[in-house]
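Everything on this sheet refers to the single structure shown next.
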């Protein structure tokens, strides 16, 4: 019995030794494998790729996620599929997954992972498009101009111009950015979002408006006291002046006529009676009156009598509810610095100028001459004003 016990003890110890040896060998093998993997991981960023020096070019879309970018790299053999996980871990370790730049990129098959990442996060040169916004265009027309320059679709751009959150951000009262899309020549980024484009045009308006207000501080304060007008009302009137005449020399006089109608106690009701406001109300607002739904480009009597068009300044006193165009610097300055006169009326002389009148009788004579008889003025400023 004792012999058998000793034999069993020897076998047990021998098994334990073998088990210990196997465990040690496994640990050593694991350590060697881990060390190899560690060395492989450490050497990975600077190890050249298996491809050649031929250029591989493709574009990364704006807003693409890093998994989408990695898929494109594998598709174009910039990163071998077998090493996709290594590359992903490398980029995540660098904290660069969110730094990939949209736009065209150029790679080679023999680039190291570090070089591939450097190309992915390389700042893209700003690609810009020159765009001119003429004076007096409304928001729909501006959206079309921007779209034709390849900066978005008309519907996307118009939606941004009506975006209430964006209006709140920009501090613009009303339902649209109408009046604040400053007419100018811009160099606009080709990949800018519709909202960013709107921000750019509005920022230019604020820049010009602030400069004019500094130059004409007393006049602005007088309008605020006399008519209780703020900045928005000045923009509204400037938008009307802009649509009434393309002659810069007439703008201060026309602004003065409209202000006279607001200020003179003898002028009542205080109707601006200007056709462009009717046209705007029938074309741009989302909700239109029944009469405006019949508008086909020409003002008829139903449009002049229309009480349901809030932009009809023949039936509603004072300013329209919002700007009707995007005024330029000259029209804005005309409101800040109107030309003093006693004129209350004006009518086109069919030569891009207007005949100004103080009384209804004078105005009716001018209407008869130029509108009913079709007379044409000679373009002189003096002839536009009665003695």
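Summary table below
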{"quantity": "Packing-based exposure ordering (other Cβ within 10 Å, fewest first) of 258, 267, 295", "calculated": "267, 295, 258"}
{"quantity": "Listed residues 138, 46, 260, most fluctuating in the chain (Gaussian network, C-alpha, under 10 Å)", "calculated": "46"}
{"quantity": "Relative contact order (%) - the stretch 128-209, alpha-carbon pairs under 8 angstrom, separation at least six", "calculated": "38 percent"}
{"quantity": "Projected label distance in nm at residue 191 and residue 339, using a 7 Å step from Cα toward the beta-carbon", "calculated": "5.0 nm"}
{"quantity": "Principal-axis tilt of helix 251-263 within the chain, Cα atoms, nearest 10 degrees", "calculated": "70 degrees"}
{"quantity": "Convex hull of the stretch 217-384 built on C-alpha atoms - directionally averaged projected area, nm²", "calculated": "9.9 nm²"}
{"quantity": "Sorted by Cβ neighbour density within 10 Å, fewest at the top, the residues 158, 75, 362", "calculated": "75, 362, 158"}
{"quantity": "Euclidean distance of C-alpha centroids, the stretch 236-301 and the stretch 99-145, integer Å", "calculated": "42 Å"}
{"quantity": "Whole-angstrom Cα spans of the chain along principal axes, big to small", "calculated": "142, 52, 44"}
{"quantity": "Label-to-label distance, nm, for residues given as residue 304 and residue 165 (7 Å Cα→Cβ offset)", "calculated": "4.6 nm"}
{"quantity": "Label-point separation, residue 85 to residue 47 (7 Å along Cα→Cβ), nm", "calculated": "1.4 nm"}
{"quantity": "Residue order, fewest to most surrounding Cβ atoms within 10 angstrom, among 253, 117, 307", "calculated": "307, 117, 253"}
{"quantity": "Virtual paramagnetic centre 7 Å along Cα→Cβ of residue 249, amide N under 19 Å, in the stretch 339-366", "calculated": "339-343, 346-357"}
{"quantity": "Relative contact order computed over the chain (Cα-Cα under 8 Å; 6+ residues apart), in percent", "calculated": "13 percent"}
{"quantity": "Extended-chain gain in nm, criterion 0.36 nm per residue less alpha-carbon gap, residue 128 and residue 175", "calculated": "14.0 nm"}
{"quantity": "Alpha carbon convex hull of the stretch 80-132, volume per residue in cubic angstrom", "calculated": "94 Å³"}
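Each value in this text was obtained by applying a stated rule to the coordinates, not by laboratory testing. Keep in mind the model is a prediction, meaning the values are calculated, not measured. In this analysis, Cβ positions are derived from the backbone assuming ideal geometry, glycine residues included, and neighbour counts consider all displayed protein chains.
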